[in-house]
Structure formats: C-alpha cells, structure tokens
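Encoded as structure tokens, the structure appears first; notes follow it.
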Amino acid sequence: MNVRLTLLAIVVTTLLPLSHGGLPEAVQYLAFRQDYYHRTYDVYTDADAAGNHFFVRGRMGEGQPVPPMEEDFAAPFCRGLSCIRAEFRPWESDWGGWYFMNGVYGPGDRAPRLNWGEVPHAGVDLRGATELRFWARGETGDEEVEFFCAGVGWRGWVRVLPYSDSSPKVSTGQVKLSREWREFRLDLRNKDLRYVVGGFGWVTSGSLTRRLLRRPIVFYLDDIRYELARLDEPRLLLSYETVRSNDRFDRVMRNVAFVYDNAVALMAFLAAGDERRARLIAQALVEAMHQDRFYEDGRLRNAYQAGDLRLPPGWAPNGRARAVRLPGYYDARSGRWMEDGYQVGTNTGNMAWAMLALLAFYEATGETRWLEAAGRLGEWVDQHCRDERGAGGYMAGYEGWEPNPRRLTYKSTEHNIDLAAAFRRLFRATQQERWRQRSLHAARFVKAMWDAKEGKFWTGVLDDGVTINRSVIPLDVQAWAFLALGWSPDGIVDPEWLRRGLDYAEQHLRVGDGYDYNQDRDGVWLEGTAQMALAYRLARAEGRSRQLLVFLASQQLASGALPAAQPERLTTGFGWYYYRRPHVGATAWYVLAERGLNPFAPFPGQSKGVRPPAPGPEGMLSTGFFRFRFVGRRITPF
C-alpha cells in the first residue's frame, strides 16, 4: 500500500484540552522553586544548601574550648536534611563561641579568609531585613547561650575597626534552651544593616559544676534566616530536591542548577504566559556568560549554584568581583570545597539549550540583547567544537577546570540535534547564511547516525569521531529528532526516519505506561515520557499523547513536581543514574507537553522578534510536522 506523508504548515498548535489535571500545579511548583531561596536571606537551612550565606567561621574565646561545629549533623530531630551541632568545653576556658562571617576571598587565595573588620568592600547589604529568625534546642535542656548578629569590629557601643559591621551587636541576651526546638527572633527594625560582616553568632560559658564534672555544653541550631525577600533578582532554579542518603547523588546535587533544566523552565514559563519569571532566568544566563570566575570567551558552564547568582561582596577569585557562583559542597573529611568536573565544564548540548531559551525569549519580547547573547553562544560552539572528522558535526565540549579543561572529542547525536535547531532559529531571526550552514553541518551528522535496519538514531560516535557508539539507544534522541527536525531543513533528514524513530521508541523503550531512558527497560523516565507525549501531540496522535499526559499527571507529587524517574534509581547505560527526586526539568517538560508547545520551534503568538519562515517545498512552511495516527504500538502516517 502506498503511504502518503502530509506536511502540516504549523509550528505548534493546541490539539488537546489545556490540562489533564496537573498543569496548574506543575507551573506553581516551578514558581515555588524559583522563589525558594529568595523569600528570605538564609544563613543556614541545610549543609551546602543553595541559599546559605556567611560561609566563614570565626572562633571566639581563648584556647580551644570550641571545636568546629558539625554543620552536616544528621539526626531524626533535625528540621531538614541536617542541622548544626555546637559544643563548648567549659573546663578549657571561661567562654567561647563562633561567628558566621562573610569573610573575603582574594585573587591569590585558595580558601576564604576571616575578616574581622579590617578589609573594605566586604560587607553584605541587608537593608530591609525586619527580623533574624532561628531555631535552637539543647542536649539536656539546661544550656544557656547568647545569640546575636552584627557587632564585628565593635567593642560594646564603640566602633574600633575601620570596616566593621554598620551596626553594633544585636543580641538575644543569654537564653536558656530546652530539649525541644524553640524559635528565637531578633528584631532588626531601625537597625543599620547596610554593611554586615557577621551574619550570626553565639557565645556561652559554663557553670562551675560543668567545669568540675567536665560536662560540655551541647546544643543544636537550624533554619537561621533573615526576613528579607529579594524576588526581583535574576536567579536559576535548583534542578533536584535531594534527600538524606548515602548516595553520592544527593550530596553532589544539593545546590546544583543545571543550565539545561533552567532553559526548559524558561520556556515553560513562557508557555504558561509568565514573561516576568522567564526574564529572571534569561537575565541569569546572560550574566553567567559575562561574569565567569575565569573565562571571558562567551561560554556557559553546564551548571551553576541555585540561590544567589553572584558571589558575595569581598569575594573575587582570579580578581573577578561578584563572579557567578559554581556548584559544589564542603567535604569535612578533607576540609576542602569540592566541585564536579562535569558541572563546571561546558557541553555543546547545554549551550544549545541556552541558545534555544534565549531565542524563545527574544521571540517573545523582540528585545535584541537575547538574540545577541544566543549568537555569542553559537559562535563559541562553532569556534571551539566544530569537527570535520567522519560525518562532521560538533564535538561534545569540555570537562573539568580552568585553565585547561579536558576536551571531549566524542560526538553526540542529541547535541547535534539541539544545535541544528538552535542554529536554524538563529538563521530565521537574522537571515545570516552562516547560521544556516552551521545548522546543516549539525544536521548532516544526525543524518549519518540513522540506523536504517532498525529504524532508530544511534547515540553518537566515540572519541575517534568516526566509530558509532552502539552501547546505548537513548529515548530522547528519537523524540528530539522528531521535534527538532520535523521541518527537515533543506531535506537533510528524511521525514520517514522521524516517524520510524518514534515507532522504535514505542517498540523497544516503552515500559508500562511510560518509557525508559534506554533499552534495558528497568523503569520509567518521566522526563522522557513527557517528551514523547509532546512528540505524539504534535504528530496528531492525540489518543496516545492523552494517555501519556494522564499517566504523567498521576505521577505528580503533592508539590506539583514530577520526579525524574519512577523507580528509586534508573540506569542510563552511561554510568550515571536518574533518581526519584523532584526534578525541574521533568516538570518543565510536562508543562510544555500539556500546552503543546515545542521548545525547538518559535512559540505561537510570540514572534515579535522573529522573521517569517521561508516557504518550504510546494509552498509549505519549512517548520511543518508530519501527521500520524497511533495504532496499537505503532504510528501510521495518514
């Protein structure tokens, strides 16, 4: 029987009801995560939390009566993932305590240094804060401790150092703790908080009985926060909500905001009609391009820290004040700040997603700064990652630390799909031929990854740039090829291949009501399932798309979030895993699928800045998709 493929002259269209029950909750969750660390100004909520401030610890007292606090202390009574265990040994000294300080970090420093008021331009502006709130409890219930903020560089009411806190100490006085958590509050109204060096502190002394019996004073602290909202600051969303576990994932990911997740979240906010929230992410991405702690060449890292975008005053690694913060965590055993080589590196796929997000915001607003930023990212990719080996395309990027990160010479089909779409969007916006040629260079590599025998796209090639990697067949490559190349720029990719790629995913990657990341079928990858729901929706396989959206809504958590995976741990075949943790990326893809909006193409009704697409074959728009029916586990073209 002859099969006829019909091009539809659409970019995206609303095909189904706006929501299957979970859309408002998903959007609310993304908004909640965006504001989470900016509703208050946190000193400590959990160890290495993205919202923590005043990282340097200044010991007070003579001798060593105050051991370092255990700031990743885990106990059932902690209010979150961790709390702080503090101890004072009164038999060693009359008094002692700790200051939580901003500190300084200069060009030659390998770690932050204490600043007791001797260094200029190193205080935090907390004007507008109304209260400092914190929780404390004692080990035995008879501990007496004084808590305070500010006062660094003061002796009583007299300023004694030139760059002291702008306010003398604001104190609770000595308070008696109980064995239950109690919230304390310091009233900061009418206090001068324009320059704060010491964000929080405590001191205590022991009774004669404790000294004689050598009984330490032990107490616990948690949720130390200034009541100070900063909801207009550019920022990135935390990618995963982690839990307390022995898995390295939950430690390494505790404060990480991946560029990819935030790019999808930006477009989800646009899809929901919230330009203000999308703008905050766009601003953060552009600031990250221009305020790196080392690079000046227009690249982005794969991830940054959630919470405050910039380092605090007085911190200037490599002499660069207010650089954008990178993710990491403090390892108590080694006493070192640890970073992940992938997170601080640059992958071309993540760069492409940042380009797509900035282009979407340009199309929504017509403001050229976003187009210019996307173009700068694209120039970096072409200059540093273009490859002529084998089928051409673009290499993966770089991994590791400045000044000499390791070059990644393998090539990913997924990355080149992303770049083909991003470069094509740049061509549509600028009509500059170099962008079209770069799109074709990426698309030709994708074409070379087609496996005609099984009807699928391979994951890419190995480090030699030629040998196909046959070990893993990822779901997203099949779905994204359809979404990104449905318009088949200049006929590089056969439209029939895109249909067969979805068919392959249905036959070989489906697990129950969803899809696995790869072919081992050990669970459901919910982010990828949302991608398939969108692909089917745009293919007009309405029934199958509706089934997937209903299933995804059933997997939402009470918060409205979608976890990354349905089992506790999902293999990928690449040596890393997805976990059942609330995930911004999965939730944002669900929003896009519910709204029927394709992140690879301009959004409908939001094209103030984009030029009209050029006519394709037979006068149809070159952004058309192919129309299919869903029959059983196969899709059939009309």
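The values are calculated or read from the model by the stated rules, or taken from the named source; none is laboratory data. Bear in mind that the values here come from a model prediction, so they are computed numbers and not experimental data. FYI the Cβ positions are ideal-geometry reconstructions off the backbone, even for glycines, and counts take in every protein chain you see. We work out accessible area using only protein heavy atoms, side chains counted, and drop any ligands, DNA or RNA first. Shrake-Rupley method; radii C 1.70, N 1.55, O 1.52, S 1.80 Å.
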Cα-based helix-to-principal-axis angle, 413-430 vs the chain, degrees rounded to 10 = 80 degrees
ask   = Based on DSSP H runs of at least 4 residues, each adding -39500 (n - 2.57), what is the mean residue ellipticity at 222 nm of the chain after dividing by all its residues, to the nearest 500 deg cm²/dmol?
value = -9500 deg cm²/dmol
message = Place a point 7 Å from Cα of residue 297 in the direction of its Cβ. Which residues in region 394-437 have their backbone N less than 17 Å from it?
response = 394-410
inquiry  = Out of the GluC sites (Glu not before Pro) in region 136-197, which ones are loop residues according to DSSP with at most 13 other C-beta atoms within 10 Å?
reply    = 180
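Take the Cβ-Cβ distance between residue 522 and residue 244 as r, set R0 to 35 Å, and report the resulting FRET efficiency rounded to the nearest 0.05.
Values: r = 24 Å, r/R0 = 0.70.
FRET efficiency, residue 522 to residue 244: 0.90.
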inquiry  = Can you give me the C-alpha center-to-center distance between region 328-386 and region 225-262, rounded to a whole angstrom?
reply    = 17 Å
remark   = For region 458-558, Rg(Cα) over 2.2 N^0.38 Å is 1.13
key: Cβ-based net charge around residue 98, under 10 Å, with every Lys or Arg adding one and every Asp or Glu removing one   = +2
inquiry  = Can you tell me which aspartates and glutamates have their Cα less than 14 Å from the Cα of residue 191? Leave out same-chain residues fewer than eight positions away.
reply    = 125, 131, 165, 227
request  = Compute the length gained on full extension between residue 574 and residue 320: take 0.36 nm times their separation in residues and subtract their Cα-Cα distance, giving the result in nm to one decimal.
outcome  = 87.8 nm
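Got the relative contact order for the chain handy, in percent, Cα pairs under 8 Å and 6 or more residues apart?
Details: 1551 pairs, mean separation 102.6, N = 638.
Reported as a whole number, the value is 16 percent.
Would you kindly state how much longer the chain becomes between residue 386 and residue 79 on full extension, computed as 0.36 nm times their sequence separation minus their alpha carbon distance, in nm to one decimal? The partial results should precede the final answer.
On the way: separation 307, 0.36 × 307 = 110.52 nm, distance 4.96 nm.
That works out to 105.6 nm of additional length.
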key: Furthest towards positive pole of dipole, 212, 177, 80, structure part region 77-234, Cβ charges   = 212
inquiry  = Eigenvalues of the Cα gyration tensor times 5, then square-rooted: what semi-axes does that give for region 50-128, in whole angstrom, largest first?
reply    = 25, 20, 12
ask   = If you line up the Cα atoms of the chain on their principal axes, what length do they span on each, largest first, in Å?
value = 97, 45, 45
note = Checked region 388-510 with the C-alpha gyration tensor, a ≥ b ≥ c its square-rooted eigenvalues, rounded below a/c of 1.5, otherwise prolate if a/b is larger than b/c and oblate if not; verdict oblate
Net length gained if the chain between residue 507 and residue 334 were fully extended (0.36 nm per residue, minus Cα distance) = 57.4 nm
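Rounded to the nearest 0.05, what FRET efficiency do residue 433 and residue 39 give with R0 = 35 Å and r taken as the Cβ-Cβ distance? Could you check? Before the final figure, lay out the partial values.
Details: r = 48 Å, r/R0 = 1.36.
For residue 433 and residue 39, the calculated efficiency is 0.15.
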request  = Using a 1.4 Å probe and counting only protein heavy atoms, arrange 204, 467 so the residue with the most accessible area comes first.
outcome  = 467, 204
note = Rounded to whole Å², per residue accessible area for the chain with a 1.4 Å probe reads 38 Å²
note = With the dipole of the chain defined by +1 on each Lys or Arg Cβ and -1 on each Asp or Glu Cβ, the option from 129, 551, 502 whose Cα lies farthest towards the positive pole is 502
ask   = Could you list log10 I(q)/I(0) for region 120-277 at q = 0.17 Å⁻¹, which the Debye formula gives when each Cα is one point scatterer?
value = -1.10
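Taking 45 Å as R0, compute the FRET efficiency from the Cβ-Cβ separation of residue 229 and residue 62 and round it to 0.05. Write out the running numbers ahead of the final one.
Numbers: r = 40 Å, r/R0 = 0.89.
Given R0 = 45 Å and the Cβ-Cβ separation, E is 0.65.
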query = Cysteines without a disulfide-compatible partner in the chain, using Cβ under 4.7 Å as the rule?
reply = 149, 385
query = Using 7 Å Cα-to-Cβ label points, what is the residue 367/residue 144 separation (nm, one decimal)?
reply = 5.7 nm
query = Helix 475-485 versus the longest principal axis of the chain: what is the Cα-based angle in degrees, 0 to 90, to the nearest 10?
reply = 60 degrees
remark   = Placing each pseudo-label 7 Å from Cα in the direction of the beta carbon, residue 404 and residue 182 end up separated by a distance in nanometres of 5.9 nm
Lys/Arg +1, Asp/Glu -1 at C-beta; region 405-523 dipole; positive extreme among 483, 465, 523 = 465
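Considering all alpha-carbon pairs of region 430-496, what whole percent are spaced by more than 15 angstrom? Provide the component values of the computation, followed by the final result.
Numbers: 1232 of 2211 pairs.
Percent of Cα pairs beyond 15 Å in region 430-496: 56.
Please list 332-342, 110-120 highest first by mean number of surrounding beta-carbon atoms within 10 Å per residue.
Details: 332-342: 12.7, 110-120: 16.2.
Ranking the peptides 332-342, 110-120 by packing returns 110-120, 332-342.
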